[in-house]
Amino acid sequence: MMQAFYWDAPKQEKKEGHWWNFLSEKIEDLGKAGINALWLPPVSKASSNLSMGYDPYDYFDLGDFDQKGGTKTLFGNRAELEALIKKAHEHDIGLYADMVINHNSGADEEEINPLDGQKRWTKFNPKSGRFPRDWNCFHPSRYERVMMPDEENYASFPHLCHRNPLVYTAMFDYARMLIEELGFDGFRFDFVKGFGAWMIGILSKYRYVKDGKEFMPYVVGEYWSGAEDINAWIDKVNALTDNQISAFDFALRYKLKDVCDTPNYDLRNLTDDGAVVMKRPMHAVTFVDNHDMGDNAIVNDKMMAYSFIMVHEGYPCIFWYDYYNNGLARPGTPNGIDALIQAHLKYAGGDSQILHADPDLYIMQRVGWKDDSGEQPGLIYVLNNLGNQWSGTSVKTQWKKRKFAPIAWDGHDTAHPDERTTDGDGNAEFAAPPRGFAIYAPA
């Protein structure tokens, strides 16, 4: 998938109110590159028409009501969003909606909560006429006096009480609108630390109807924490639904930042189970950077990180800013994200097996698979942490007397890697450029 925005993207690109149209112009090229899903920013009117949408005000205003400073959202209006979704589907690209359902902002009035006597901005009168709300829709309410111990507030925004039937129903209506009316294919839930996993469970397991057929959305949650906490959340939320709900692999991402930005980082740290993808790859969305990273973004040799997520298990997510603004797509070359996408789609199948790991060199094979539906024949992946020389070693692969061709590579040397041929026992030496990677596919 691609995260099809970055923070303040429409402002930075001078596309305020026209982001949906701008994305539509990119659809054909993204489809050709192999992108098959886009994660979109929040689609609803927020506390300001120029907001990124993570402070929702009117869930049912998709840019068609004149409120909060303007009619359109920062990204456009409903008609433009529908046109984007239609065009994406024509090119076999799915759309995931960003669900911000734990906090609200931009209330129209302050009011006193009679349960604790505190005055808060909790009176909402949205122009869509849908989901007007007051103090009883937020914590504390008559339905839930206190938040659950494992839930967290976001900033100082009022925090929705999902146990209130009015809130519960509105969230169902919102989810149904996104899937059944607009045509979204899944949800990305924001800040899932802020509310009960049960809410995601029921929104995920609802029997949506899309194009006249029962439809199960793809679902991923943002639980920003370490691998142990993320795995515990995955267990909790998947116990509530038949869906295979995923989570962003923040643990792996911070390891990859160390690979790229920490001198002499020990690549053996990539072999332990301290990342979601290593323990439960079917539930891991792997990524390199996103809109929230800010000053913590990876700054050096970022292609090393992208190469790792694109050849291992998990569902890799590419960041728009890296692909376009940082110029890492590099179409028509073996050195960019486009080449990695093709490696991922055509070859990166089957289990991952680590063939070699030392502080400066990591070599892995994907064993491949084949059935009546298709084939991914597997690959050899080499990651080199040395900054001043090519590095490789002989490893025993599963392929005997097989030629391998380099299909993607990058690093501090632009030389073309050589083809390799394994011997009768499957042995061959595979190398990668300094501070770089190389991917070899069986010919």
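The values are calculated or read from the model by the stated rules, or taken from the named source; none is laboratory data. None of the values given here were measured: they were computed from a predicted structure. Heads up, the Cβs are rebuilt from the backbone with ideal geometry, glycines too, and the neighbour counts pull from every protein chain shown. Each accessible area value is taken on the protein alone, full model and side chains, heavy atoms only, with ligands, DNA and RNA left out. Shrake-Rupley method; radii C 1.70, N 1.55, O 1.52, S 1.80 Å.
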- Task: Could you list which residues have their amide H under 5 Å from that of residue 95, counting only those 5 or more apart in sequence or on another chain, with H placed in the peptide plane?
- Result: 38, 185, 186
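When the chain is fully extended, how far beyond the present Cα-Cα distance does residue 325 get from residue 235, taking 0.36 nm per residue of separation?
On the way: separation 90, 0.36 × 90 = 32.40 nm, distance 3.67 nm.
Stretched out fully, the residue 325 to residue 235 stretch lengthens by 28.7 nm.
To the nearest 0.05, how large is the calculated FRET efficiency for residue 367 and residue 36 if R₀ is 30 Å and r is the Cβ-Cβ distance? Display every interim value, and only then the final one.
Values: r = 23 Å, r/R0 = 0.77.
For R0 = 30 Å, the calculated efficiency reads 0.85.
Please report, as a whole percent, how much of the solvent-accessible surface of the chain comes from carbon and sulfur atoms (probe radius 1.4 Å). Mind dumping the intermediate values first?
Values: 8250 of 17910 Å².
That fraction is 46 percent.
Taking 30 Å as R0, compute the FRET efficiency from the Cβ-Cβ separation of residue 271 and residue 153 and round it to 0.05.
Working: r = 37 Å, r/R0 = 1.25.
The value I calculate is 0.20.
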- Whole-Å distance linking the alpha carbon centroid of segment 1-77 with that of segment 221-279 is 28
- Quick one: grab the alpha carbon gyration tensor of segment 251-311, order the square roots of its eigenvalues as a ≥ b ≥ c, and give me rounded if a/c is under 1.5, else prolate or oblate depending on whether a/b is larger than b/c. oblate
- Note on the structure: Sorting 422, 385, 354 by the position of each Cα along the dipole of segment 347-443 (Lys, Arg +1; Asp, Glu -1; all at Cβ), the one nearest the positive end of that ordering is 422
- Task: Considering the options 141, 312, 129, tell which one lies farthest towards the positive end of the dipole of the chain, charges being +1 on Lys and Arg and -1 on Asp and Glu at the Cβ, about the Cα centre.
- Result: 129
- By how many degrees, 0 to 90 and rounded to 10, does the Cα axis of helix 78-90 deviate from the longest principal axis of the chain? 30
- Item | Rounded to 5, percent antiparallel among DSSP beta bridges of the chain | 70
- Message: Using a 10 angstrom Cβ neighbour count of at most 13 plus a DSSP loop assignment to flag exposed trypsin sites (Lys or Arg not before Pro), which longest range of the chain is free of such sites?
- Response: 208-399
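About the Cα centre of the chain, what is the dipole size in debye to 20, counting +1 per Lys and Arg Cβ and -1 per Asp and Glu Cβ, all else neutral?
Working: 46 positive and 64 negative charges, 103 e Å.
Around 500 debye, computed over the chain.
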- In the set (i) 49; (ii) 42; (iii) 32, which value of percent of Cα pairs over 32 Å apart was calculated from the structure you see? (ii)
- Item | Heavy-atom accessible area order for 66, 98, 261, largest first, 1.4 Å probe | 66, 261, 98
- Task: Calculate the dipole size of segment 33-185 relative to its Cα centre from +1 charges on Lys and Arg beta carbons and -1 charges on Asp and Glu beta carbons; express the result in debye to the nearest 20.
- Result: 280
- Task: Count charges around residue 411 for me, please; just the other residues with Cβ under 10 Å from its Cβ, Lys/Arg as +1, Asp/Glu as -1.
- Result: -2
- Item | Top of 247, 348, 428 by mean-square fluctuation, Gaussian network on the chain, Cα under 10 Å | 428
- Query: With axes computed from alpha carbons, what is the tilt in degrees of helix 227-238 against the longest principal axis of the chain, rounded to the nearest 10 within 0 to 90?
  - Reply: 60
- Note on the structure: The ³J(HN,Hα) series, computed from each phi in segment 181-193 with the Karplus coefficients 6.51, -1.76 and 1.60 at θ = phi - 60°, rounded to the nearest Hz and given as x for glycine or proline, is 8, 8, x, 4, 10, x, 10, 10, 8, 7, 6, 6, 5
- Message: Show me, for segment 246-258, the HN-Hα J-couplings you get by feeding each phi into the Karplus relation (A = 6.51, B = -1.76, C = 1.60, θ = phi - 60°), rounded to Hz, glycine and proline as x.
- Response: 9, 9, 5, 8, 5, 4, 5, 4, 6, 5, 5, 4, 5
- Using alpha-carbon positions, what is the distance between the centroids of segment 362-396 and segment 142-218, in Å? 40
- Between residue 282 and residue 205, what length comes free when the chain is fully extended (0.36 nm per residue of separation minus the Cα-Cα distance, one decimal in nm)? 25.9 nm
- Note on the structure: Taking a crude spin-label model, label points 7 Å out from Cα along the C-beta direction, the residue 172 to residue 89 distance in nm is 2.4
- Cut-off 13 Å, label 7 Å out along Cα→Cβ of residue 224, residues of segment 37-68 by amide N: 54
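May I ask you to derive the FRET efficiency for residue 163 and residue 64 from their Cβ-Cβ distance with R0 = 22 Å, giving the value to the nearest 0.05?
Details: r = 31 Å, r/R0 = 1.39.
The calculated FRET efficiency here is 0.10.
Which of rounded, prolate, oblate describes segment 309-349, given a ≥ b ≥ c as roots of the alpha-carbon gyration tensor eigenvalues and a/c under 1.5 marking rounded, otherwise prolate only if a/b is larger than b/c?
Numbers: a/c = 3.25, a/b = 1.43, b/c = 2.28.
The shape class here is oblate.
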- Note on the structure: By the Cα gyration tensor axes a ≥ b ≥ c (a/c under 1.5 gives rounded; else a/b larger than b/c gives prolate, otherwise oblate), the shape of segment 299-443 is oblate
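Relative to the Cα centre, what is the charge dipole magnitude of segment 309-428, using +1 at the beta carbon of each Lys and Arg, -1 at the beta carbon of each Asp and Glu, and rounding to the nearest 20 debye? Walk me through the intermediate numbers first.
Values: 10 positive and 15 negative charges, 60 e Å.
Here segment 309-428 has a charge dipole of around 280 debye.
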- Going toward the positive end of the dipole of segment 192-235, with +1 on Lys and Arg Cβ and -1 on Asp and Glu Cβ, which of 231, 215, 200 do you reach last? 215
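Sum up the charges of everything whose Cβ sits under 12 Å from the Cβ of residue 55, counting Lys and Arg as +1 and Asp and Glu as -1, but leave residue 55 out.
Result for the neighbourhood of residue 55: 0.
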- Message: List the residues, sorted by chain then number, that are 5 or more residues from residue 315 or on another chain and whose placed amide H is less than 5 Å from its amide H.
- Response: 284, 285, 286
